[in-house]
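Asker: Here's a structure for you.
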Number of protein chains: 2
Amino acid sequence: MSITLQMNQLDITAMFKALGDPTRLRIFEFLRACGAPVAVEESGDVRPLVGPTVGDICCHVTGNERVTSSISFHLKELRLAGLITMERRGKNMICSVNPEAIVLLAQYFGTTPSVGNSDCC
Amino acid sequence: MSITLQMNQLDITAMFKALGDPTRLRIFEFLRACGAPVAVEESGDVRPLVGPTVGDICCHVTGNERVTSSISFHLKELRLAGLITMERRGKNMICSVNPEAIVLLAQYFGTTPSVGNSDCC
DNA sequence: TTAATATTTCTAGTATTGTCGAACTGATTA
DNA sequence: TAATCAGTTCGACAATACTAGAAATATTAA
């Protein structure tokens, strides 16, 4: 288990809440488009191997060279929701989507839900 | 085109925002589980044919017999986000998920995003 | 027409969220 | 070690969102 607090139990409401902000959705889509590979630990933790830095993300999303506290805040929200992972690489933090989250969300909408709940309709 | 203001242009951020509230997600999941059939107009509008009433939903979600303004508020949010549709049936309003929204969301997570954005990583 | 039922809208209060600038931390370079 | 670079955290403020109760609307029943 890693030292840093990781959200291993994926909460679908938290994910939707995180994706419900336009800035965060842009960050998420940027990271998805990057499609950087990740390492999966025995513990289940996911770590990025390569990927854009916080600065790259900030530049892409805001056009700003300097990393803003706002971007940092949104990255934290995405991380706590289990949607992305980050890891220090020298002076930088490199970022990546959490593929497990994508799988979970794809399943959530892809599968036909169980029909026939007797207490409805 | 229907008289009531309908959101025909589906906005993915608005959908995530709507699903990011636990009460709304419960309502949405209940409606999905009901799996009630809908009618699709030439205009593209989707109308429920059968489905639970607002009272049914309120009862299921809050355990409360009386419909609360809070449930009404959340239903409106889901409706404005394009996730559900509602129609009057006598004294009641009957509700249903918008299948187009489910398809859109399934595609959003199901498809592999276009990789190779040169300005990333 | 009046009453009752089902639901929405309005208003106000509280809580949560996003933004900004300043201060702080960790890692590298001089 | 000092300076710099890359990001994060903190504190304050504005904006937004959720909740609750009261009043309003639409439909049906008496």
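The values are calculated or read from the model by the stated rules, or taken from the named source; none is laboratory data. As the structure is a prediction and not an experimental result, all values here were calculated from the model. Neighbour counts are summed over all protein chains in view; Cβ atoms, including those assigned to glycine, are modelled from backbone coordinates with ideal geometry. Note: accessible area is taken over every heavy atom of the protein model, side chains too, but ligands, DNA and RNA are not part of it. Shrake-Rupley method; radii C 1.70, N 1.55, O 1.52, S 1.80 Å.
Asker: Any residue in the range A:12-28 that is more than 10 Å from DNA strand D (Cβ to nearest atom) and open to solvent by 60 Å² or more (accessible area, probe 1.4 Å)?
Answerer: If we filter the range A:12-28 for residues that are more than 10 Å from DNA strand D (Cβ to nearest atom), which is where we start, we get A:12-16, A:18-19, A:22-28.
So of that shortlist, the ones also open to solvent by 60 Å² or more (accessible area, probe 1.4 Å) come out as A:22, A:26.
Checking the range A:12-28: at least one residue is more than 10 Å from DNA strand D (Cβ to nearest atom) and open to solvent by 60 Å² or more (accessible area, probe 1.4 Å).
Asker: So which residues in the range A:54-82 are within 14 Å of DNA strand D (Cβ to nearest atom), closer than 15 Å to residue A:98 by Cα and within 14 Å of chain B (Cβ to nearest Cβ), if there are any at all? It would help to see each step written out before you state the result.
Answerer: Filtering the range A:54-82 down to residues within 14 Å of DNA strand D (Cβ to nearest atom) leaves A:54-62, A:64-80.
Next, only the ones that are closer than 15 Å to residue A:98 by Cα stay: A:75-80.
Of everything in the range A:54-82, those that are within 14 Å of DNA strand D (Cβ to nearest atom), closer than 15 Å to residue A:98 by Cα and within 14 Å of chain B (Cβ to nearest Cβ) turn out to be A:77, A:78, A:80.
Asker: When you scan the range A:31-53, do you find a residue that is surrounded by fewer than 21 Cβ atoms within 10 Å (Cβ to Cβ), near DNA strand D (Cβ under 8 Å from one of its atoms) and within 24 Å of residue A:20 (Cα to Cα), even just one?
Answerer: yes
Asker: Given the condition basic (Lys, Arg) and touching a residue at least 24 places away in the same chain (Cβ under 8 Å), answer yes or no: does some residue in the range B:47-55 qualify?
Answerer: If we filter the range B:47-55 for residues that are basic (Lys, Arg), which is where we start, we get B:47.
Now narrow it down to the ones that are touching a residue at least 24 places away in the same chain (Cβ under 8 Å): B:47.
Checking the range B:47-55: at least one residue is basic (Lys, Arg) and touching a residue at least 24 places away in the same chain (Cβ under 8 Å).
Asker: Quick one: count up the residues across the range B:9-40 that are within 15 Å of residue B:96 (Cα to Cα) and part of a loop (DSSP other than H, G, I, E, B).
Answerer: 3
Asker: Would you please name the residue that is nearest to residue A:14 (Cα to Cα), looking only at residues in the range B:24-48 that are in contact with a strand residue (DSSP E or B) (Cβ under 6 Å, 6 or more places away or on another chain) and more than 7 Å from chain A (Cβ to nearest Cβ)?
Answerer: Our first condition is that a residue be in contact with a strand residue (DSSP E or B) (Cβ under 6 Å, 6 or more places away or on another chain); within the range B:24-48, this holds for B:31-32, B:36, B:38-40, B:46-48.
Right, trim to more than 7 Å from chain A (Cβ to nearest Cβ) and you get B:31, B:38-40, B:46-48.
Numbers: B:31: 20, B:38: 29, B:39: 32, B:40: 32, B:46: 29, B:47: 30, B:48: 29 Å.
Here the residue is B:31.
Asker: Give all pairs with beta carbons closer than 7 Å in which a residue from the range A:15-31 that is touching a residue at least 12 places away in the same chain (Cβ under 8 Å) meets a residue that is open to solvent by 30 Å² or more (accessible area, probe 1.4 Å) and assigned to a helix (DSSP H, G or I); count only pairs at least 6 apart in sequence or on separate chains.
Answerer: Pairs found: A:18/A:77; A:24/A:77; A:30/A:60.
Asker: Now a separate question. Determine whether residue B:90 is more than 8 Å from chain A (Cβ to nearest Cβ) and open to solvent by 40 Å² or more (accessible area, probe 1.4 Å). Show your work before the answer.
Answerer: On the way: more than 8 Å from chain A (Cβ to nearest Cβ): yes; open to solvent by 40 Å² or more (accessible area, probe 1.4 Å): yes.
Answer is yes for this residue.
Asker: Sticking with this structure for a sec: How many residues, within the range B:69-85, are surrounded by 15 or more Cβ atoms within 10 Å (Cβ to Cβ), within 8 Å of DNA strand C (Cβ to nearest atom) and over 9 Å from the mean Cα position of the chain (by Cα)?
Answerer: The total comes to 1.
Asker: Same structure, new question: Given the criteria modelled with pLDDT under 95 and either touching a strand residue (DSSP E or B) at 6+ places or on another chain (Cβ under 8 Å) or aromatic (Phe, Trp, Tyr) (or both), does residue A:51 qualify?
Answerer: Values: modelled with pLDDT under 95: yes; either touching a strand residue (DSSP E or B) at 6+ places or on another chain (Cβ under 8 Å) or aromatic (Phe, Trp, Tyr) (or both): yes.
In short, yes.
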